[in-house]
Every structure is written in C-alpha cells, then in structure tokens.
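Engineer: Mind looking over this structure? Questions follow.
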Amino acid sequence: MGRRLRRYSGPELVTIVFGVIIGIALIYAASTSAGAFGAFNPSWEGTSELRTIADESGGETTIVRSVEEYDDFGADADGTIALIIEPEGSYNETEQEQIREFVERGGTVLIAESSGQYSNPLLETPGATTRIDGDPLRDERNYYRSPLLPVATETAEHPYTNESDSLTLNYGSALEPGEATVLVRTSDFAYLDRNQNNALDPDENLESYPVVTIEEVGEGQVITVSDSSVFTNVMMDRPGNRAFATSVLGAHDRVILDGSQDDNLPPIIAGLIILRESAVLQLLLGGGLVLGLAALARRPDVVDRASGGADDRFDPVAESELTPSEMRSQLIDRYPDWTNEKREEVITAIIHQRDRGEE
C-alpha cells in the first residue's frame, strides 16, 4: 500500500481524498430526504427511525408511491399494516376506495395527523367512526418540557400498548372516538385549547382525552393517532413512543410506508422503486451488468490480477536475495499460467533494482 501511495504527488493525493469525500457526500444526499415526516429523513422531523423499527420487526417493509400498489398484497391483506403519517394532500375518490378495499381484505391502516384536514375524510371512507378534533391539546401537569407536549398516561390492555405505559405528544390534538376502542388517553388534567391562548379558560374542560383508537372495519382494522409527531426521530425516545411503535409494527408480517403523497423521496430510493416496478428495466440492467463483467473479464490486465499478478502476490523485496533460477522456479509454482516472457521480465526487473540498491 505504501509503495502505491508513493506513486502520487501531494496535490494528487489531496485531489483523490477530496474526490472521495465529495462522492460520499453525493451518495448520502441522493439517498436521504429533507421532507418533514420523510422515511429517509434522518433529521429531527423525519421518520427514518420508524423505518428502522419496521425493518427490524422481522417482516417485509415496502415503500409505495401509489395507492394502487396496495392491490399488490393480494386478496388477503391480513398481517399487513399501512402507515399514513401526516398526509400532505387529499386522497382522491379512487385512492380512498383502494384503501377501503385494502382494509376490507384484512389489512390494517394506521393514520396519524393532528389537524385532521386530510385524515378525517380518509377515516370516513372505510367506515371508521373516529375523527381527529384538530385543536391543540395541553396538559399542565403531565408533560415533557412543555404543556404542549403532553404525556398520555392511561393505556388500555391491548397487544399494541402492553409494552407501553404512556405516549408523548408534540403539539398534538385529541380524538373523537365514535364507536372505536380507546387504546391511549391523557391524564385527567388535559384540555383542548380552543382559542389557542395557552391557558385554561372557563369554557375549556379538564378531562381525559383519547389520543389513540383502534376500530374493526370489515376484515381489517383502523388505528388512529392524534399526533403524527409521535413517530418522528426526535420524539421516538420520549416516554412510551418507541415501545408503542415497536409493538404495532412487530405484530404484522408486512409494513407499507405510504409515500403516495410525498414528493420528497430521495433520487436513489425513487430510482430503486421504479426499477422494482419495471421488469423491462430489471432485464436491461441485468443484461448490461452481465455484458460489462464479460467485457471486463476479457481484459488482459484483469486476467493477470485474477490469476495473482506480481503487484498483488509476488513481493520483489522478499524475493530479491534469490538467484534467477530460484526466482524462476517459484514463479512457475505460483503462476503456472504466466508465459516464460513474463516471468523473465519480472526476474530482470528484480535483478535490476537489486543491482541499483533500490528497494
């Protein structure tokens, strides 16, 4: 390695190192996203930690760019959960219908949003009765750092909450549960700040508010969470959040990360998804790799290295004390595929260096 580095001058080495750093930075930028709640956003507002939990749950994790891909999970969607975290736009009637059919086939949909702007119509489509209130929830007694980060301390006996005794929100809201089962509630000291003046007013009531519900719909179920921030990277280690996410995802064999409303997928990830969806592109890429490897294998220098070239396996320093006959014998043993001319070139070079007193 040292002899190879000595072939380059100082400026050349600086250029090489700088090029490697730039290359790594470009690959990182192309494989991450800056979009809030993005599954490939590693910063505080992203959900890359949630994606990691999904990957580590032991099941299959799939990112979909279109709701149509929900149909790829077959007539029986039992064991599959789709995560719709803070949707950035409305789902049209066709998309809502596809989600409804997914739930009716046995799939689970988890919807998390604090405003309810896009989620309430989505909840209505499959027949779920839960609705998101939309007003900010505060708790002056049970909170993390601020009353606007209330810690919901009441959890029901359920496989999704047995490992978690609380849930921490971040500027979240409350749920109107309808006919759903409440899994997580706030303490009795929470209230909805209707006028958003950060104070409890006479017309605002202290009570225990639902923040997570589950409802059977058709053959499937709908889980509603009144705050998408529960699943962000910065909140994942707050009381109860990681345990809740792990329990929910770990109970399913397949996890769908719904990116149909997300325009911020990293270029590399978007390209991989397109490749996954196109058999023609897969065939072209596979054929190109095979042809490229075949062409590379025909290059003489590659063949030499594959058979153990002098640069890789024959150390001139270690062999410099041998006689030409001894070197010739060892070269024949080590590299039987070499021509006599090549062996003689190597021997001549070693003797020449030895005579000049070079290493």
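Engineer: If only one of Val151, Val212, Val217, Val222 is touching a helix residue (DSSP H, G or I) at 6+ places or on another chain (Cβ under 7 Å) and either among the hydroxyl-bearing types (Ser, Thr, Tyr) or at pLDDT 95 or above (or both), which one is it? Can you show your working first?
Structural biologist: Details: Val151 fails: touching a helix residue (DSSP H, G or I) at 6+ places or on another chain (Cβ under 7 Å); Val212 fails: touching a helix residue (DSSP H, G or I) at 6+ places or on another chain (Cβ under 7 Å); Val217 fails: either among the hydroxyl-bearing types (Ser, Thr, Tyr) or at pLDDT 95 or above (or both).
Exactly one of Val151, Val212, Val217, Val222 is touching a helix residue (DSSP H, G or I) at 6+ places or on another chain (Cβ under 7 Å) and either among the hydroxyl-bearing types (Ser, Thr, Tyr) or at pLDDT 95 or above (or both), namely Val222.
Engineer: Among the numbered criteria (1) in contact with a helix residue (DSSP H, G or I) (Cβ under 6 Å, 6 or more places away or on another chain); (2) modelled with pLDDT of 85 or more; (3) under 24 Å from Met235 (Cβ atoms), which one does Pro42 miss?
Structural biologist: (2)
Engineer: If a residue has to be touching a Gly at 6+ places or on another chain (Cβ under 8 Å), in contact (Cβ under 8 Å) with a residue 60 or more places away in the chain and open to solvent by 20 Å² or more (accessible area, probe 1.4 Å) to count, how many in the stretch 127-150 make the cut?
Structural biologist: Residues flagged as touching a Gly at 6+ places or on another chain (Cβ under 8 Å), in contact (Cβ under 8 Å) with a residue 60 or more places away in the chain and open to solvent by 20 Å² or more (accessible area, probe 1.4 Å) within the stretch 127-150 amount to 4.
Engineer: What number of residues within the stretch 201-240 satisfy the criterion of being of a type in the set (D, E, K, R) and assigned to a strand (DSSP E or B)?
Structural biologist: Total satisfying the criteria: 3.
Engineer: Here's another thing I want to ask about it. Filter the stretch 161-179 for residues that are touching a residue at least 60 places away in the same chain (Cβ under 8 Å), open to solvent by less than 20 Å² (accessible area, probe 1.4 Å) and closer than 23 Å to Val217 by Cβ and give the result.
Structural biologist: Once the filter is applied, which keeps residues that are touching a residue at least 60 places away in the same chain (Cβ under 8 Å), open to solvent by less than 20 Å² (accessible area, probe 1.4 Å) and closer than 23 Å to Val217 by Cβ, the stretch 161-179 yields Thr161, Leu167.
Engineer: Here's another thing I want to ask about it. State which residue is surrounded by the fewest Cβ atoms within 10 Å (Cβ to Cβ) when the search covers only the stretch 223-264 and only residues that are more than 23 Å from Gly127 (Cα to Cα) and of a type in the set (Ser, Thr, Tyr).
Structural biologist: Ser247
Engineer: Give Ala77, Ala112 a once-over and let me know the one that is open to solvent by less than 10 Å² (accessible area, probe 1.4 Å) and touching a Lys or Arg at 6+ places or on another chain (Cβ under 9 Å).
Structural biologist: After ruling out the rest, the residue left standing is Ala77.
Engineer: For the stretch 100-122, what are the residues that are out of contact with any Ser or Thr (no Cβ under 6 Å at 6 or more places or on another chain) and under 23 Å from Ser229 (Cα atoms)?
Structural biologist: We begin by selecting, within the stretch 100-122, every residue out of contact with any Ser or Thr (no Cβ under 6 Å at 6 or more places or on another chain); these are 101-106, 108-110, 115-117, 119-122.
Scanning the stretch 100-122 gives Thr108, Val109, Leu110, Ser115, Gly116, Gln117, Ser119, Asn120, Pro121, Leu122.
The values are calculated or read from the model by the stated rules, or taken from the named source; none is laboratory data. From a predicted model like this one, the values you see are computed outputs, not experimental measurements. Neighbour counts are summed over all protein chains in view; Cβ atoms, including those assigned to glycine, are modelled from backbone coordinates with ideal geometry. The accessibility values were calculated without ligands, DNA or RNA, using every heavy atom of the protein model including side chains. Shrake-Rupley method; radii C 1.70, N 1.55, O 1.52, S 1.80 Å.
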